[in-house]
Amino acid sequence: MSIAEQPSASYDPAAEVVEICRDLIRIDSTNDGTDQGPGERKAAEHVAALLDDVGIASTLVESRPGRTTLVARIGDGPGEPLLVHGHLDVVPADAHDWTVHPLSGEIQDGYLWGRGAVDMKDFDAMALSVIRARARAGQLPARPIVLAMTADEEAGGHLGAQWLVENHPDLVADCTEAVGEVGGFSTTVRGQRMYLIEAAEKGMAWMRLTANGRAGHGSMINHDNAVTALAGAVARIGTHEWPVRLTPTMEVLLGAVGEVAGVPATPANAEALVEEFGGAARMLGAVIRNTANPTMFDAGYKVNVVPGHAAAHVDGRFLPGFEDEFFETLRQLCGPDIDWEFVSHQQPWETPYDGGLVRAMESSLLAEDPDALVAPYLMSGGTDAKHFRKLGMRCYGFAPLRLPAELDFTALFHGVDERVPVDGLEFGARVFDRFLDHA
């Protein structure tokens, strides 16, 4: 019997979400950025089997052997398809640092633990639980859905979403809007729960800085020392105080926080308003200014030899509309003797916080949590939305989670003891199910 022929029935969109997430966590899809890991093939085949079980066919494509991306189409109703995207890879985890093994998928104290629990096998599981439940009940959403589960997001998406957009655009190009990570999660401001929907991302400038000098004996005077030159530039970059800059998205968010705090939001008090978010201020404090963090330094091979070459890496992130300011400041901080090249250079984006999709996200959250507030925010990191926007899609981050006020959620991304509340997962599946009826 085809999906279309199945009789309509009631269903529980959250029935499988925890088990699906556990199974995905237990599949090792670690991506260390070297293309030497296990890849995403096993995870993609697992997802394909889950979809095939309810009559939904998938297409698997690979940028390289094992670096697998899955695309599936759900429903054939009228209207332009909505892209629902997640990624299958996760960052490395050292089991010695964890309370439980990071690939165990263990449930303790009301949480599901493991690498990928919040980044982002939780949302993969939400989407799959909802789609499988709807398919079984014969209640697919009216709007066609394109589900994409990508490789390589944790290394910039070059072997996943970027490769898909450049080599198989036909699989997703008719989608006009997209939702994926990281948004729809709750935070608490002065006792008021607030859900943050991602409507913008900073641009990415991963850079390799180099300095060349005169090699020589370490015991002699050397005024052309590459290590000294590069270390000075790295120190200037790392200690630079970038000025506050507010994009339209952050003006809306800080305005909402200002109402809760009883003060008007201005650039002058932006930092104080960000502090109202508690642990989330770690991330939100980075999206009211450009940032540049030195992350790697490589120079020399012997203590008594001055090397002729030194290199360093910097993770730069720039706000939408402030790219020119970012790179001009960086040039001044580096000075004339430092060269740089991009390891990855990706543009920022900002989608207006309006329209039917925004109303659908807001209403689905408020249906499950009527007393909450919903507002947009700008994401400090990067997601696959950067690549899908190249096809003209309006992109948002919407992976809904209701979280305990005391949980430092943003610290769990790439952190030790990554975990997600079990009831938060179930909440997210219910919200996402409502969203698909109105998207």
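Phi angles of the stretch 173-183 translate, via the Karplus equation with coefficients 6.51, -1.76, 1.60 and θ = phi - 60°, into HN-Hα couplings of 5, 7, 6, 9, 9, 8, 10, x, 6, 10, x Hz per residue; Gly and Pro are given as x.
Taking a ≥ b ≥ c as the square roots of the eigenvalues of the alpha carbon gyration tensor, the stretch 49-176 is oblate, as a/c is not under 1.5 and a/b does not beat b/c.
The 3J(HN,Hα) values that the Karplus relation (6.51, -1.76, 1.60; θ = phi - 60°) gives for the stretch 302-311 are, in residue order, 7, 5, 9, 10, 6, x, x, 8, 9, 9 Hz. Gly and Pro appear as x. As a fraction of the 1.4 Å probe accessible area of the chain, surface on carbon and sulfur atoms comes out at 50 percent. Close amide-amide hydrogen proximity is noted between LEU401 and PHE185, SER186, each under 5 Å apart and 5 or more residues distant or on a separate chain (H modeled in the peptide plane; Pro and chain starts excluded). Taking N as the residue count of the chain, its C-alpha radius of gyration divided by 2.2 N^0.38 Å amounts to 1.04.
Converting phi to 3J(HN,Hα) with the Karplus coefficients 6.51, -1.76 and 1.60 and the offset θ = phi - 60°, the stretch 62-71 yields 10, 6, 8, x, x, 8, 9, 10, 10, 10 Hz in sequence order, with x at every glycine or proline.
An oblate overall shape is assigned to the stretch 278-338, the ratio a/c of its alpha-carbon gyration tensor axes (a ≥ b ≥ c) being 1.5 or greater and a/b not exceeding b/c.
Considering only DSSP beta bridges whose two residues both sit in the stretch 72-184, what percent are antiparallel, to the nearest 5? Spell out each step's value before the answer.
Numbers: 5 of 14 bridges.
Counting only bridges with both partners in the stretch 72-184, antiparallel ones make up about 35 percent.
Counting only residues at least eight positions apart within a chain, or on another chain, the lysines with an alpha carbon under 25 Å from that of LYS121 are LYS42, LYS202, LYS386, LYS390.
Residues whose amide H lies under 5 Å from that of GLY316, counting only those 5 or more places away or on a different chain, are ALA205, TRP206, MET207, ASN293; hydrogens are built 1.01 Å from N in the peptide plane. Accessible surface calculations at 1.4 Å, restricted to protein heavy atoms, place the chain at 40 Å² per residue. Note: relative contact order over the chain, using C-alpha pairs below 8 Å and six or more positions apart, is 24 percent. Using alpha carbon centroids, what distance separates the stretch 183-205 and the stretch 252-307, in Å? The stretch 183-205 and the stretch 252-307 have Cα centres spaced 14 Å from each other. Under 5 Å between amide hydrogens, built in the peptide plane, is the criterion, and for VAL90 it picks out SER29, THR30, ASN31 among residues at least 5 positions away or on other chains. For the chain, the share of DSSP beta bridges that are antiparallel, to the nearest 5, is 70%. Under the shape rule built on the C-alpha gyration tensor, where the axes satisfy a ≥ b ≥ c, the stretch 114-164 is oblate, since a/c reaches at least 1.5 while a/b does not exceed b/c.
Could you calculate, for the stretch 248-393, the ratio of the Cα radius of gyration to the Kirkwood radius, expressed as Rg to Rh? Dividing the radius of gyration by the Kirkwood radius yields 1.08.
The values are calculated or read from the model by the stated rules, or taken from the named source; none is laboratory data. All values reported here derive from a predicted model rather than from experimental measurement. What goes into the accessible areas is simple: the full protein's heavy atoms, side chains included, and nothing from ligands, DNA or RNA. Shrake-Rupley method; radii C 1.70, N 1.55, O 1.52, S 1.80 Å.
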